[in-house]
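Written below as structure tokens is the structure these notes are about.
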Amino acid sequence: MTTLESTHAKVVKKTKNSGVLGDRIFKGTAFFFAAMVLVVLFGIMLLLLKEAWPTFAHFGFGFFYHSEWDVVNNKFGALVPIVGTLVTSLIAIIIGVPVSFGIAIFITLMAPTWMKRPVGIAIELLAAVPSIIYGMWGLFYFAPWFANSIQPMMTSTLGNAPIIGQFFQGPPIGVSIFTAGIVLAIMIIPFIASVMRDMFEVVPTALKESAYAMGSTTWEVVWKVILPYTKAGVIGGIMLGLGRALGETMAVAFVVGNSLELNTGLFYPGATIASIMANEFNEASGLHMSSLIALALILFIITFLVLSIAKWFLLRLEKAQEGSKT
Amino acid sequence: MSKYQIRKLVNYFNLIASLLVTALGLFMLAWILSVLFSKGFQYINWSVFTQMTPPPGSNGGLLNAIFGTLVITFFAVLIGTPIGIMAGTYLSEFGGNSRFSSTVRFINDVLLSAPSIVVGVFVYTLIVKPQGHFSGWAGAIAFAILVIPVVVRTTEDMLKLVPVQLREAAAALGAPRYTVTLTIVYKAALSGMITGVLLATARIMGETAPLLFTALNNQFWSSNMNQPMANMPVVIYQYALSPYDDWQNLAWAAALLITLSVLIMNIMARYTLKGSSSR
């Protein structure tokens, strides 16, 4: 009896101890790896800053607004790639947001139930196609088609308009800032559409049905009930798409044309931060290399800010929904 | 026209526009896939899988590139998955809503969409530059950094779906916390966690930009992870932009292979998740 009791006590003590110790080890390991996520972020920032420092020390603030990028004479200014990055992403957003909105409306409100899932998956597969495939398709198929059929049409109509006319000029070669913007738009549509779709689906049915009962058309329900209700989430989704577009590399490197001249015409070839890095990094050294890393740092900070804003909007919505539930 | 008619007209116009843009999105997917099949399928033959990447003007295959991509992806997943699962476990099981775990969650979501090219440059400055040469390991580590945020996110989401009662029941039987997590919670969330790993694998397989600065490429067979290593995406990049027909044809074959693998992996991931939720 006593032996049994004592062994039992021993066992309990043993398991208890190992439990406490095991728990400590387990929790500690988990904590360590969670902290590693933060270390990666700060590691990226610090290491890039260190490597980019010669450039910032050499050119100062001029690096941000000078447009010459002269490898032979070691003069570097980031203006052209920064502008290229922002403009291509802006074009992608202008085209991508309405299309994503339409897709989200179709999937949540119009499609019959059996169609929702396959269409949704097909749109999401657009996000799974590797970036480099978009590049090949864009360069060998989309760009020539665009240059032959759409671009002349745009130049002869929009190109003659006052003020905005100057943007729709350029040689008919297909590779351009504008083409890059369109390809980016296709690539970010699945991300924006899927956030919008998720948002639209959680709008309370009672809210929608009240609006229908008052005689609203479907469009009025979308525009006056669903959209105001999901505003924060929709903005978050758009920002998420913007973050993706800013850092996209291979597709843009194929279709942007890689020219470091500043043009107002969107049909001229240009460059983005990511495309110039993909092109020049392996031949660079010294100040050239440092300037490319400085570009990477600028890109990282821009996307970090954009994605933080996206996250902030999405978090705010999450909190609001949790609040309304209780 | 009455106001009512105008409202109806606006409604029909916008709904038809929605229908059309959805069709446009589907058309783009169909266009890209049909281009890939019509250009790539004819060049896929036995030698693609048995021969090395050729010098321009001669026949060859993609064996070393296929091998390189598989090896780099394998090690990236091997390194990234445990880190991601442990971090996700911390966020779901221990972190709660503390300031630390909120920060990790936030940063993780930012890293999830951060440009992969920046990660490539980071690993270049961290490993390639000090070592003085490109290497397969550098590629695997760059990819591991891309794998981690995906796995962290899915692991946390999936563990949170496991009912608290299950944990409490196990704890009431005297199981220590780590046993509860390892044997009860992981088991319940297993298919969801596998989905995360599959999605992460699909994400890195076709990723090109980080490899340009890390693994680079290798014309020859190499199974040495300390040396530059051939891989599908960089081969596609170099061959597609080359002036040689043989190289371009091989690039299309490689593009078809890599896209099919990525898409199949994506669909598999969805299927795993669907199977678990219906159970």
Discussion item. Compute, for chain A, the length of the dipole vector about the Cα centre, with Cβ point charges of +1 (Lys, Arg) and -1 (Asp, Glu) only. Units Debye, rounded to 20.
Written reply: 1380 debye
Worksheet, complete the sentence: Violations at 28 Å Cα threshold for listed pairs A:K311/B:K129; A:K27/A:K50; A:K116/A:K224; A:K311/B:K187; A:K231/B:K8; A:K27/B:K160 -> A:K311/B:K129; A:K27/A:K50; A:K311/B:K187
Fill in: Separation between Cα centres of segment A:184-215 and segment B:147-224, rounded to whole Å
30 Å
Worksheet, complete the sentence: Long-range alpha-carbon pairs in chain B, meaning those over 37 Å apart, account in percent for 30 percent
Worksheet item: So what are the ³J(HN,Hα) numbers for segment A:127-135, from phi and the Karplus equation (6.51, -1.76, 1.60; θ = phi - 60°), rounded to whole Hz, Gly and Pro as x?
Response: 7, 7, 4, x, 3, 5, 5, 4, x
Fill in: Summed side-chain charge close to B:T73 - residues other than B:T73 whose Cβ falls under 12 Å, Lys, Arg +1, Asp, Glu -1
0
Item to complete: Pick out, from B:P243, B:T259, B:M229, the residue whose Cα sits farthest towards the positive end of the charge dipole of the protein assembly as shown, with +1 on the Cβ of Lys and Arg and -1 on the Cβ of Asp and Glu.
Response: B:T259
Discussion item. For the ranges B:108-115, B:96-103, what's the packing order if you count other beta-carbon atoms within 10 Å of each residue, average per peptide, and put the highest first?
Written reply: B:108-115, B:96-103
Worksheet item: Got a sec? Charge dipole of the protein assembly as shown, +1 on Cβ for Lys and Arg, -1 for Asp and Glu; which of A:A245, B:T183, B:I72 is way out at the positive end?
Response: B:T183
Discussion item. Can you give me the orientation-averaged projected area of the convex hull built on the Cα atoms of segment A:39-132, in nm²?
Written reply: 10.0 nm²
Worksheet item: What number comes out for the charge environment of A:L184, summing +1 per Lys or Arg and -1 per Asp or Glu over other residues with Cβ under 15 Å away?
Response: 0
Item to complete: For the protein assembly as shown, build the convex hull from the C-alpha positions and give me its volume per residue in Å³.
Response: 201 Å³
Worksheet, complete the sentence: Net charge near A:A310 (other residues with Cβ under 12 Å of its Cβ; Lys, Arg +1; Asp, Glu -1) is +2
Practice prompt. Evaluate the charge dipole of the protein assembly as shown about its Cα centre and quote only its size in Debye, nearest 20, assuming +1 on the Cβ of each Lys and Arg and -1 on the Cβ of each Asp and Glu.
Written response: 2060 debye
Item to complete: Find the Rg to Rh ratio for segment A:62-325, where Rh is the Kirkwood radius over alpha-carbon pairs and Rg uses the same atoms.
Response: 1.04
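None of the figures in this text is laboratory data; all of them are computed from the coordinates on show. This structure is a prediction, so every number in the text was calculated from the model and none was measured. Methodologically, a virtual Cβ is constructed for each residue, glycine included, from the backbone with ideal geometry; neighbour enumeration extends over all protein chains shown.
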